[in-house]
1. Just checking, which of Ser495, Ser525, Ser544, Ser473 is of a type in the set (S, T, N, Q) and touching a Pro at 6+ places or on another chain (Cβ under 8 Å)?
2. Can you tell me which residue is surrounded by the fewest Cβ atoms within 10 Å (Cβ to Cβ) among those in region 188-220 that are under 22 Å from Gln353 (Cβ atoms) and among the aromatic types (Phe, Trp, Tyr)?
3. Among the residues of region 432-476 satisfying the criterion of being over 30 Å from Val177 (Cβ atoms), among the β-branched types (Val, Ile, Thr) and crowded, with 23+ Cβ neighbours inside 10 Å, which is farthest from the chain's Cα centre (by Cα)?
4. In region 1067-1181, which helices (runs of 4 or more DSSP H) lie fully inside it and hold 1 or more residues that are at pLDDT below 90, surrounded by 14 or more Cβ atoms within 10 Å (Cβ to Cβ) and on the phi < 0 side of the Ramachandran plot?
5. Can you name every residue in region 103-116 that is out of contact with any strand residue (DSSP E or B) (no Cβ under 6 Å at 6 or more places or on another chain) and buried (at least 19 other Cβ atoms within 10 Å of the Cβ)?
6. Check Arg570 against each of (1) within 23 Å of Pro101 (Cα to Cα); (2) touching a strand residue (DSSP E or B) at 6+ places or on another chain (Cβ under 9 Å); (3) modelled with pLDDT under 90 and name the one condition it does not meet.
7. Filter region 345-373 for residues that are touching a His at 6+ places or on another chain (Cβ under 9 Å) and outside any strand (DSSP E or B) and give the result.
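The values are calculated or read from the model by the stated rules, or taken from the named source; none is laboratory data. Values in this document were obtained by computation on a predicted structure and should not be read as measured data. In this analysis, Cβ positions are derived from the backbone assuming ideal geometry, glycine residues included, and neighbour counts consider all displayed protein chains.
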Amino acid sequence: MAVKEFMLERQASVSLIGGWKPVTMQAPVLLSVIVLTLVLAGSIEFLAQKSQKQGGLSLSECSDCLPGIVTFGYLYAPTVISVLYSLLWSWIDLDIRRIQPWLELSRPEGAEASSSLLLDYPSTFLAFIPFSAWKKGHWPVFFSGITSMLLFWAITPLQSAIMGVKSVSFSTNITMVAHSSLPSPQDQALMMDTAVLYTAYGIAWLEQTHPSFTTADYALMPFYRADSASENHPGENLTAVTNMLTTELNCWEPIMTELPVSRSYKFDNGQGCTVDVGLFLAPQEHKNESSEVLYMGWDGNAILDYYLESPNCTRKFSNQFLAVYAHLAVSEIGNLEESNVTAIFCETSYFKQPVSVTISAESGRPLNNSIVSMGQKQPLGKDEFNSTALEYLVGVGMPPPTPTRDYPAANTFEPWGSLAEKDVARPVVPMVNIALGLSDDPASDFYNVTTLERVFTAAYKTIFSAAISRLASETRGTEYKTGESHYTLNGVVVSRTISAILEGLLLLLAILMAATLYTSTKAVSKLTADPATLGFALKSVQHSRVVLNRLALEDCADAASLQLSLAGERFFIEKGVTGNNILEMESSSRVDIRTDSRRKETEYHPTRPKELSPLTGCLLVCILLTGVGILIYFKKQEEHLQGLPRPSENFEVLQLLENYIPTIFTTLLEPFLVLMTRLFCILQPFNTLRKGNCNPEKTLETKYTSLPPQLILWRSLRSRDFLLTALCIMSLLVNLLTVALGGTFNELPVQIQYPVTFHAARVPSLSRDTMLNELYLAGKPYQDHFYAAYTNISGNTTLPPWVTTQYTFLPVNEIIQERSGSADLFRANLRGFGTEAKCEPISTSLTAPQAVANITELLRGVPQSGSPGATFNFRHDNGTWQTCFPTSLLWGSNATGISAREVVTPLSKSYGYTYGNIPYENSMCEDRFIVGWLRVDSKNQTESLRSTFLQCQAVMRTAMFDVDFDQSGHILAYSRSGEFDDMTQFMSLNMSQTIVRQANKLVNYNGRPMNDYAWHNATMVADWWNYLMRFKLNSTDLVDPSLDIPKAEDMIPVVQDLYQRLFAILVGKNLDMFQEPSTLQSINGTIIVTETRIFLDNKAYLMSVIILCLTAAVLIWAYLTQSAAYLPRLPSTLGSMLAYTAASRAVREYGDSATSDQESWHQKAPFKPTFSFGKYLGVDGNIHVGIEMDPFVTPIDGTVLRRRTTAKSWFRGKGEE
């Protein structure tokens, strides 16, 4: 009956109890967080779709060109947002966990001690909370705990890995301007000149690249982007439909008949064309055998020994040619005999075909395997392509004599320079020369018909492509069409896989938060205020005699004993007389329990939580320092290896390795550090009370456990708890560590250098006293340097291997490395040779003090008999004058009207051509060359001759250079690594100047002494120098008679640059002038490969290391200076705290007559009680351990504590020595 009355009384009191809950558990806050979660999920989806649609966010042409705000945005911002988000939820989660015991006590039926007074959620490690809450049916804690776990160990790490920088390929439609047709056949005939053969020769012999829009097999009609003002992206390719022009050769073996005349044969094409051929060439000097290779086009010319044009081979066959091979040998009796005679007739045809093709936007060169047929192949008509002009050029080696052309473009193609490398009888026509250059086969293999057909087909196609390149550059018709631009940009990419997982997790979070809101709202609360302090707990029990008597028995019980002792007991909250909460206890009999029958002893084993044991501290500090060591190791490896190699090429895998794993380390570390800090917060009031005479506002009324440790920094500072302040700062810094580690590892493309050893192919010692091989000194013209310079300047093709515009480098032999991937370039320290050219104006005034150009005779087209035409006088240091004579003046027509003339000539001390060595002291003339421009109006008697003349000298120089070159030896970049060396270390001063003098003659060679236009009225070029300068300056002003003479100061840098370029090419094409090493000479170098590697961001790395070290230091401080264990159990539960005060006067008199939690302690009163933790005589007459009012408490001594005497037990935190 008594129990029934008690229950009715309790139910009546429930309605009077308030329903206080933390604001974080109320609907506005939780709904706001749910909305925020959905907004985050929507934002991620928006960015993911935008990234997928655009290929990336904030696209840039290089990965290290991203703006700083963008770099922060993808490296740190996602983690910052996630950390702030998780910090917000940790506050909510903490409030839910700490209020759960009071919600259980607010149930109408109350709750057992294990589900209320002894609940320990706030001081339990996060991973264990949901399982415990599930068992007890504490659903707000369960849902909140699952949410926290997902936030810490799934969402935050994944958020750091959601974005990364990646190369993204783009294809966009753009408007193209395409050349639709070639010039008219008449214009093609004018443009089809010797320059076409120069281009083909550069490809065949000088290892130069094909012109834009051409390959060895075809030529394309050019196309460009219509918006010429827009710049190309790096590595951009363009795709468009255009016409592909090709030539095809149909070859067959002729009917061959040996004629009675020695070494003569008749070749019949089987279609009505026959030709008689005499094999009269002989092997080269000092050789007993050789190969004779002949090419016979149809067109005849006086300079040709062989051609098809004759009554027996009419114009019907003008598109055919005959190629013949024979092996020549000198017999034992001295007769020349031929053998293995092979021949083919070939017929050429030309086609066009619409194709889709992709070319490099920068170079215009087609990409391999990018041709896609868009229509049928059709023949090129005579009105589209002037095949007659091409076939004439190929067969004769020069264009027809009319119309008049620039001299180099009309000159006979005489490529003697490279033939020394082939064992063939000479002379040969240009077509044979190019065929030999394109073939890796020795000439003797041409005996095979298949080989003969292949090499001449390749040569003809190369010339055809060069011709189309020249013609298409000046096409008349254009059309607009749609094409595609393909390029690669670097941008921030949102991983579709990770973003999808994140969105799913965020939606799950929203559901869990909604469940948390529902269960929290449904839970009944009878609280009237925030139970955030120990003082609140004391006041809630001070009027409950039953509870106090029951808990007074447990002051020295450990946690396990307390659980066992209170098992089955039920507690509840009811409203007291003053309106405050009163904690009551159910009992089967309402009889007071006698304390003397239950209390046995006051001695106990002091203990501390496992998290605060020295062993845990050592392990934690070791983990932190290991993290520091790993970061330092990675940084050292990055510096040593020029970046860390990527373990995978998969974007998602890399994001997980570079961002997820570092972040998961901190998100695993943070909950433990937060828990440890919270334990210090729980113990801090007790540690203060143990010192004695403590005010309640700094102990019993402190709210250290009502907020996450990161947010109680200010409270601890105000209380001057410096260790706790340091721990709170540490908890904050761990959040910053999450951000820093998540952005520490980043990827960048970098050039990786691998060591390699090269072998010197040449050494800086001369093998002869001439620049050219002796084979070239027998009156044969040598113009390879002009051919190479022309294609380089006009067509932007590469220079020959080991050659730059200023220097030639001694080559090294290629080293084959067994490596994966191809090398971008090689780098080595090589010796380079070049010249320093210095030009000065030379006056035509006879009174000039140092140098005089006497050019009066140049007014004549042809000088008077015995006259050199001009003289150039230079003053010696001793005051005497030296007269020098030009050796390469052009003679021809006189000036008629407004005329122009150019002079480019070396000088000689004697009148004539001198090639041999000249003593250094007598070389004033030979060390110089002259470049000049003249203008005159022969019809204007009052106008004098106007001229600009430069006299130039050059000295040879050498130095060591750091050189970057490709697999073929083409120089990509170079820089001088030291001062210029003294040339006398490698050759005599006279020898170096001898080479310069020989170069002066070679680079100023004009090919022929008589010229049709010495004086000219039209804008024509009469020499190689002005021809090259025309393309270099992209102007014909230098040779335009209607324009004034150029200024000396404008021409000096142009002339000096061109001379240095020609000299470098000369040396590069005659590297055999340097000796081969007598012994193997090694040169250390590097292979450079562009790789994407992982780098540690310096700022994030330093921040991470500093935070880890500071955290370790704070932990060492905390573990070394923490109070000795003195508590029988951790005061982390409501029951544990109340058991320390249940028998004291403090609990019965605490806050008496106060109207709020702290009001009584802050009001001005004559007496304010203080409190201490220690041993006291309870109101029950027994000795207890706990919190009591002063002066009724004494410090704890050894009579109360049972000390453990082993170091092992102390190290585990169970006691102290």
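1. Exactly one of Ser495, Ser525, Ser544, Ser473 is of a type in the set (S, T, N, Q) and touching a Pro at 6+ places or on another chain (Cβ under 8 Å), namely Ser473.
2. Per the stated criteria, the residue is Tyr218.
3. Result: Val432.
4. On the way: elements: 1098-1121, 1134-1139, 1145-1149, 1159-1162.
So the answer is 1098-1121, 1145-1149, 1159-1162.
5. Within region 103-116, Leu103, Ala111, Ala113, Ser115 qualify.
6. For Arg570, the exception is condition (3).
7. Ala361, Arg365
Table: residues versus (1) touching a helix residue (DSSP H, G or I) at 6+ places or on another chain (Cβ under 8 Å); (2) in a helix (DSSP H, G or I).
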position	(1), (2)
Ser444	no, yes
Phe464	yes, yes
Arg470	yes, yes
Glu474	yes, no
Met513	yes, yes
